[in-house]
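S.K.: Attaching a single structure in structure tokens format; questions to follow.
The values are calculated or read from the model by the stated rules, or taken from the named source; none is laboratory data. The structure presented is a predicted model; accordingly, all values stated were derived computationally and were not measured. Please note: Cβ atoms are built from the backbone with ideal geometry, for glycine as well, and neighbour counts cover all protein chains shown. We work out accessible area using only protein heavy atoms, side chains counted, and drop any ligands, DNA or RNA first. Shrake-Rupley method; radii C 1.70, N 1.55, O 1.52, S 1.80 Å.
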Amino acid sequence: MKYSIVIILVFSIMSCQPKHDIPISIDLHSHWQYKSLNDSIWSSAKVPGNVHSDLLDHKRIEHPFISNNEDSLQWISDTDWEYKSTFDVDKETLDKNHIELNFKGLDTYASVFLNDSLILKTDNAFRAFSVDVKSALKPQNDLRIVFERSSISEEQEKAKLNYQLPEGNRIFTRKAQFQYGWDWGPKLNTSGIWRPVTLETWNELKLNHVFIKLDELNDISANLSMHLDIKNTSEAPLQYDVYINNKLHKSFENIRADSTTDFNIKIENPKRWWPHNLGDPYLYDFKVVVRDNKRILDSISAKKGLRTIDLITKKDSIGESFYFKINGIPVYMKGANYIPQNSMQNKVTDAHYEKLLDDVVDANMNMLRVWGGGIYENDMFYNLCDEKGILIWQDFMFACAMYPGDNDFLDNVQQEAIQNVKRLRNHASIALWCGNNENSEGWHRWGWQNDKSDEEKDQIWNNYLKVFDSILPNTVNKLTNTDYWESSPRYGRGNLKYKTEGDAHDWWVWHDAYPFEHLEENVPRFMSEFGFQSFPSYEAIRYSNQSDSLEITSEAFKNHQKHVRGFELIDEYMQRDFPVPNTVEDYVYVSQLLQAYGITKGIEAHRRAKPYNMGTLYWQLNDCWPAVSWSSIDYFGNWKALHYQAKKAFENVLVSNTIENDTLKTFVINDYSGSFYDMLSIKVLDFNGRIIKTYSKGLDIKPNSSTLMHTIALNTLDITKNEVVIVSEFSDTHSYFYLVKPKDLKLLKASIERTITKTNKGFQITLQSTTLQKNVFLYTKEKGHFSDNYFDLLPNKIIVIEFETNCKAIDDLKIKTLNHLIE
């Protein structure tokens, strides 16, 4: 059992120091055991955790991420499970006036017994529950939690309806929807104590939460209102000391116990919080200390970034805008969709959060969308996004379904929304709350209404409106000053308005097998989802198969492709645009080039269309297990080709080329809020490095703009289109553009000279070749990260790559290029 004082404040030691009476929080994470309800043998358990990870730790199941083991583990979800622990409480704790047992997350249908008395029943994994246990607590205590399989409640709720709701029984249970299986993840419907359990004690006062609301922000001052959620039985006047950055800012004295705990704070010459690509994500440290005379009763701290964020949706001549203003400036959003990092959430460590979000910043992303079929993430995730300057589009946890509308369900959703909005509302990173993922599109476009009567359709849609047009927006509006968006996307891709109003999910590419060029010809106002699959790293494939050889056609590995047409679509697109290799190793490599080729084609088209389009978030950033998926970073944290190439496509200043009517058009995109001058250089090179044509001009770049800067009529050039590369350079950025598809390039074969030098952080790799080398891929079995990969190496140019690793040697370093795959 771990004891932790909530806040320890050190003051000068005086001869007569008052005794502080602050709340104490005790983590109840030790001595846990688990078993199936009908079993008699107990085994040790980890809390926070879940039953799948506990079974795995005791080697009672094979790892669900290996081979097709997932299929043989479905009995776990059909079983009731029981957890128990014992904990001691000393007399000082028992004598406290108030004692609460807090459960931050129970997944999902749990009955909690303290000393054999039922004290709580839960039905929502996204809610925290607190129970007053003052009268039930003893010096020695038995805590027991029984988790009932979710199918029991789901079948009971389903039987109450005279029609069937899409999509399956998951809609009746408030837990992570992806655990029921998705087209990128396994079916691992787990249960257990997935978030902390604590015992909290206090006598007179406890601060539950502080909300720091920004009322006004300008260069001169920031006006804030501070609201304290407080439990107080003290009758004495209290003093509230507000510290900012560890300095006493203001004291509020003689505050009566029954009076308001709202205070106004003013900061002179405030520092603004910015997304990392535009400025410093500065955070203020706030702390409130509550005193009864000189006696400290409690304190609470919060970090707060001062910024304004507004979603601008205004009618215009084309349709309706969709963009974000940060501190009064329109900001182009660049990023991806985020899913849970592991199907067993307890396996996600702080180090995982740190690395993944560093990878987001490194790839020049300024926004992530937390998708609605996962979880409201841990505090660590949002804290790091605040610190690193990453904006968050936050979905409520509803995805791809229609949900019930009975009073119990609505009350449950209401409390879920209140708790999570309150928990997250101080975070500077939260840019938007969105009601759901694709529920509205599904209802209007996916055939969900086909077998329903008019009365049933009215009832289902009215229940939708109760949640997403009433409960959720009202909760967000009441508790925050953050904008709310009903459903993503606003219109399905079958509605022509998907390009002119709101946000869009464009799945014509992939699901409908449209060519990648579709993304260039159909640009929406804000692209919040689009994507394409690729195979993961060699490491992930070997792990899935538990074999050193690469195998992608085995039944074991096929289980890691959850889209019914996934393999077929990858192959179909590859045949269109790339050479189709004969070996597995090459096929996996080209699949990643294919994904990067298509998605960056879309990203650049979106950015060229600025300000008509003001955001591009591809699907998806990460994986929850080793899989063939749409991710740009695989389960083991390896960057795919897409992540490397998205990093270039997301640079604040981008040179982007496109061909229209046999004319090469060169755009310069500037995401900075300032203007600047620099030289644009365009060279037409053959693959041996011979310069065929050059262009050069000075450019004045406007702030926050995309501008067509140069055109070349290709029919005026004496070239063979599949034998040249267009090299555009401006400021510190460059673009290598080709006039034909990769499969049609007449690449030459030549060796790549390399030298490897040991450094403090790993190795420095210097590369050079006499001909253009397309999509140079460096790989080794040693764990590490290449500073760049899947890049084009210009002829007779030297490029230096850093490989950050802890290994002592990389003797197995290999190089693969597209040159060697083209006949």
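S.K.: Can you tell me which residue is surrounded by the most Cβ atoms within 10 Å (Cβ to Cβ) among those in region 492-529 that are within 23 Å of the chain's Cα centre (by Cα) and of a type in the set (Phe, Trp, Tyr)? It would help to see each step written out before you state the result.
M.R.: Initial filter on region 492-529 (within 23 Å of the chain's Cα centre (by Cα)): 492, 502-507, 509-511, 524-529.
Now drop any that are not of a type in the set (Phe, Trp, Tyr), which leaves 507, 510, 526.
Details: TRP507: 18, TRP510: 22, PHE526: 26.
Here the answer is PHE526.
S.K.: Among the residues of region 120-140, which ones are open to solvent by 20 Å² or more (accessible area, probe 1.4 Å), under 31 Å from the mean Cα position of the chain (by Cα) and polar (S, T, N, Q)?
M.R.: SER130
S.K.: Applying the selection to region 315-343, what residues are over 16 Å from the mean Cα position of the chain (by Cα) and over 23 Å from ALA605 (Cβ atoms)?
M.R.: Listed by number, the residues that qualify are LYS315, LYS325, ILE326, ASN327, GLY328, ILE329.
S.K.: A follow-up question, please. Could you please let me know if ARG195 is in the same structural domain as ASN102 (by the TED database) and either of a type in the set (Lys, Arg) or in a loop (DSSP other than H, G, I, E, B) (or both)?
M.R.: yes
S.K.: For region 544-561, what are the residues that are surrounded by 19 or more Cβ atoms within 10 Å (Cβ to Cβ) and not hydrophobic (A, V, I, L, M, F, W, C)?
M.R.: Residues satisfying the conditions are SER544, ASN545, HIS560, GLN561.
S.K.: Next question, about the same structure. Within region 578-589, can one find any residue that is under 19 Å from ASN337 (Cβ atoms) and touching a strand residue (DSSP E or B) at 6+ places or on another chain (Cβ under 6 Å)?
M.R.: No, region 578-589 contains no residue that is under 19 Å from ASN337 (Cβ atoms) and touching a strand residue (DSSP E or B) at 6+ places or on another chain (Cβ under 6 Å).
S.K.: Could you please let me know if ASN806 is within 31 Å of the chain's Cα centre (by Cα), modelled with pLDDT of 95 or more and open to solvent by less than 20 Å² (accessible area, probe 1.4 Å)?
M.R.: It is false that ASN806 is within 31 Å of the chain's Cα centre (by Cα), modelled with pLDDT of 95 or more and open to solvent by less than 20 Å² (accessible area, probe 1.4 Å).
S.K.: When only residues in region 363-380 that are more than 18 Å from ARG127 (Cβ to Cβ) and among the hydrophobic types (A, V, I, L, M, F, W, C) count, which is most open to solvent (accessible area, probe 1.4 Å)?
M.R.: Of everything passing the filter in region 363-380, MET380 is most open to solvent (accessible area, probe 1.4 Å).
S.K.: Being open to solvent by 60 Å² or more (accessible area, probe 1.4 Å) and under 17 Å from the mean Cα position of the chain (by Cα) is the requirement here; does ASN383 meet it?
M.R.: Criteria met by ASN383.
S.K.: For region 624-677, name all the residues that are touching a Pro at 6+ places or on another chain (Cβ under 9 Å), assigned to a strand (DSSP E or B) and not assigned by the TED database to the domain that holds PHE730.
M.R.: Of everything in region 624-677, just one residue is touching a Pro at 6+ places or on another chain (Cβ under 9 Å), assigned to a strand (DSSP E or B) and not assigned by the TED database to the domain that holds PHE730, namely SER629.
S.K.: Can you tell me which residue within region 319-362, out of those that are farther than 26 Å from ARG272 by Cβ and β-branched (Val, Ile, Thr), is surrounded by the most Cβ atoms within 10 Å (Cβ to Cβ)?
M.R.: ILE339
S.K.: State which residue is most open to solvent (accessible area, probe 1.4 Å) when the search covers only region 678-692 and only residues that are touching a residue at least 60 places away in the same chain (Cβ under 8 Å) and not in a strand (DSSP E or B).
M.R.: In this case the residue turns out to be ASN688.
S.K.: Kindly check whether there is at least one residue in region 721-742 that is more than 23 Å from LYS693 (Cβ to Cβ) and modelled with pLDDT of 95 or more.
M.R.: no
S.K.: Among the residues of region 253-289, how many are under 23 Å from LYS19 (Cβ atoms) and modelled with pLDDT of 95 or more?
M.R.: Number satisfying all stated conditions: 3.
S.K.: Residues ASN436, ASN407: which one is under 13 Å from SER488 (Cα atoms) and out of contact with any strand residue (DSSP E or B) (no Cβ under 6 Å at 6 or more places or on another chain)?
M.R.: On the way: ASN407 fails: under 13 Å from SER488 (Cα atoms).
Going through ASN436, ASN407 in turn, the sole match is ASN436.
S.K.: Quick check on region 94-119: of everything there that is under 18 Å from GLN419 (Cα atoms) and more than 26 Å from the chain's Cα centre (by Cα), which residue is surrounded by the most Cβ atoms within 10 Å (Cβ to Cβ)?
M.R.: Only one residue fits best here, namely LEU101.
S.K.: Out of everything in region 316-341 that is among the hydroxyl-bearing types (Ser, Thr, Tyr) and over 15 Å from ILE390 (Cα atoms), what residue ends up being modelled with the lowest pLDDT?
M.R.: The qualifying residue modelled with the lowest pLDDT is SER317.
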